[in-house]
Structure formats: structure tokens, C-alpha cells
Amino acid sequence: MRSVRRAAEVLDLFSVERPHWGPTEVATEVGVAKSSAHALLRELEHAGLLEGMACGRYRLGWRLAGLARTMLQTNGHSTTVVPVAHELAQELGETVHFAALDRDRVLYVTSIVPPGGVAAPGIPVSAELTPLGQVLTTEHRGVLVGPQRALIGVTCAASALRVRDKPTGSLGVCASTERFAAQRDVYARALGATQKRLARAVRE
């Protein structure tokens with residue numbers, strides 16, 4: 001089990017800000033000998049989870065993309081949440097996100113951005129910076145409205161999607177702060193109704 005934990009720690013090092021790592025850097029960050037770090041990197045490369053580069057460093061491997069695609073296609077969200085998110089975006093004419101919690105960060109799984117809609121953050125953001133994360137890390141029930149602090153001038157309404165009373169993701173409507181202020185009640189009601197619809201679908 002320790003080797004699995006070590007492998008997870010290594011994979012966690014890779015990010016958009018720092019996509020390439022070498023054995024010496026990994027050894028320092030994870031707290032193991034350089035030879036152990038090198039062996040672990042080679043094992044992850046052999047499994048397709050990392051890809052070795054000509055310079056001796058490593059980047060994430062393509063197998064991760066395949067695993068992510070399999071997860072998205074088999075966890076049920078692609079047939080329940082995503083179609084409803086598209087409907088909500090079409091109804092309101094605003095950006096709708098389906099997000100999940102990756103430890104203390106929000107991962108934007110699906111973003112439907114209609115013409116004129118606000119963009120999604122390009123990378124995972126701290127959960128505390130957005131209502132889509134706040135509803136997943138607190139006991140808040142219902143719709144939460146607040147600023148999307150990872151982007152300037154954006155406000156969101158978000159609601160947690162729960163299975164067996166545990167949050168499995170969040171659905172959010174985001175718009176420019178000015179436009180959101182004029183339609184706040186409309187957006188909140190539509191999102192609340194969508195949350196209840198999805199809750200019924202999960203129970204069924």
C-alpha cells in the first residue's frame with residue numbers, strides 16, 4: 001500500500017503550472033532517495049501513466065486521458081447531469097458548469113458556454129474561491145450565490161448534487177456580475193428546480 005501512496009504522491013506533483021519533473025526534483029518533494037524516485041518514475045512510465053522525455057524528465061502519460069474518459073462515460077453523469085446542464089444553459093443563455101472536488105480544488109468536468117457566456121477557469125481552482133466549490137466543502141443546502149473569485153467580474157449560483165446525502169459534484173450558473181444582478185432570482189430558481197430534478201433522477 002505504501003508504493004501505491006507514493007505513486008499517488010508523484011502523480012499529484014504534475015500540474016499545468018509545472019508539467020515536467022525529473023528524478024532529483026521528485027526525490028526532494030516526496031522525501032525519498034533519488035534512486036527510489038527514478039525507479040518509481042520508470043514504473044509509472046511502464047504503466048503508461050507517465051511519459052519519459054528526451055531530457056530525462058517526465059510528463060503525464062496518455063493512459064490517464066483514457067482512464068479519465070472511461071470514468072466520465074461510466075459514472076452515470078454523462079447520461080444524467082450533462083444533458084440537463086445543456087438544457088439549463090440553453091434556457092438561461094448563460095454558462096453552466098458541472099464540477100467535482102479534487103481534494104481542495106474544483107475540477108470543471110463539463111462547461112457549456114453559449115454565445116456571450118463567461119468562460120470557465122482554465123485550470124482547477126481552490127474550492128474556497130467559487131460557489132461551485134463552497135457547496136462541496138460546507139454543509140450548505142440549496143442554492144449558494146457568490147462571486148467567482150478565480151475570474152474578474154463573474155458571479156455564480158451553485159448547488160451540490162448529492163447521492164445518499166453525500167455531495168458528488170456541483171452544478172453552477174455563471175454570468176457577468178452586472179448581468180447576474182439583473183437576473184439573480186431567475187437563475188437561482190432555475191438552478192434550484194434543476195437540482196431537484198436531478199435528485200429525483202438519481203433516486204429513481
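The values are calculated or read from the model by the stated rules, or taken from the named source; none is laboratory data. No experiment lies behind these values; they were computed from the predicted model shown. Glycine gets a Cβ as well: all are built from the backbone with ideal geometry, and neighbour counts include every protein chain shown. When the accessible area is computed, the model is the full protein with side chains, heavy atoms only, and any ligands, DNA or RNA have been set aside. Shrake-Rupley method; radii C 1.70, N 1.55, O 1.52, S 1.80 Å.
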> Of the residues LEU151, LEU171, LEU129, which single one is closer than 18 Å to THR80 by Cβ and either surrounded by fewer than 19 Cβ atoms within 10 Å (Cβ to Cβ) or at pLDDT 90 or above (or both)?
Replying inline: LEU171
>> Can you tell me which condition VAL118 does not meet? The list is (1) open to solvent by 40 Å² or more (accessible area, probe 1.4 Å); (2) modelled with pLDDT of 90 or more, and all the others hold.
In response: (1)
>> If I filter the range 79-110 down to residues being among the polar types (S, T, N, Q) and open to solvent by 50 Å² or more (accessible area, probe 1.4 Å), which single residue comes out as farthest from the chain's Cα centre (by Cα)?
In response: GLN90
> Quick one: is ALA160 at pLDDT 90 or above and either hydrophobic (A, V, I, L, M, F, W, C) or within 26 Å of ARG69 (Cβ to Cβ) (or both)?
Replying inline: yes
> Filter the range 135-148 for residues that are of a type outside the set (A, V, I, L, M, F, W, C) and open to solvent by less than 50 Å² (accessible area, probe 1.4 Å); which is farthest from the chain's Cα centre (by Cα)?
Replying inline: GLY142
> So which helices (runs of 4 or more DSSP H) stay within the range 30-104 end to end and still have 3 or more residues that are within 28 Å of THR155 (Cβ to Cβ)?
Replying inline: 81-92
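Does LEU64 count as open to solvent by 30 Å² or more (accessible area, probe 1.4 Å), under 19 Å from LEU198 (Cβ atoms) and of a type in the set (A, V, I, L, M)? Even if it seems obvious, please write down each step before you answer.
On the way: open to solvent by 30 Å² or more (accessible area, probe 1.4 Å): yes; under 19 Å from LEU198 (Cβ atoms): no; of a type in the set (A, V, I, L, M): yes.
No.
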> Can you find a residue in the range 175-190 that is surrounded by 24 or more Cβ atoms within 10 Å (Cβ to Cβ), touching a Leu at 6+ places or on another chain (Cβ under 7 Å) and outside any helix (DSSP H, G or I)?
Replying inline: no
